[in-house]
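Only the coordinates and a few stated rules stand behind these numbers; no lab work does. Being a predicted model, the structure only gives us computed values, none of them experimental. Virtual Cβ from ideal backbone geometry, glycine too; neighbours counted across all protein chains shown.
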Amino acid sequence: MFAVVEAGGRQYRVSPGEVVRMEKVKAEKGGTVSFEKVTLLSDDGGSVKIGQPYVSGATVNGKVVAQNRDRKVMVFRYKPKKRVRVLRGHRQPYSLIQIQDIKA
């Protein structure tokens, strides 16, 4: 069984027991999250439900395993011959979520 969930402006293919890395969610480590924006739902029998835009009544529940930040990305801009140099770093936050169950 698997589902396609929309979270943080992206879509993720999830199945029970899987650990998914997605955009940061507002929940503490060890807390639970629920995703109602399920765009596709498939069970073991091979039947597929496609939402328009979402499958009604379907939810995906998960547990937050970790809240981390990604490696640093350095952004360097400059203008030649003008003495303009800008160096900035960015670390994107993300969440590791273990999918508990999928309810249709």
Gaussian network model of the chain, Cα within-10 Å springs - most flexible of ARG71, ARG83, ARG21 = ARG83
To the nearest 20 debye, what charge dipole does the chain have about its Cα centre, counting +1 at the Cβ of each Lys and Arg and -1 at the Cβ of each Asp and Glu?
-> 1580
For the charge dipole of the chain, defined by +1 on Lys and Arg C-beta atoms and -1 on Asp and Glu C-beta atoms about the Cα centroid, which residue among GLY62, ALA27, MET74 has the Cα displaced farthest towards the positive pole?
-> MET74
Straight-distance crosslink candidates among lysines, where the alpha carbon sits under 19 Å from LYS29 and sequence neighbours closer than 8 are dropped = LYS63
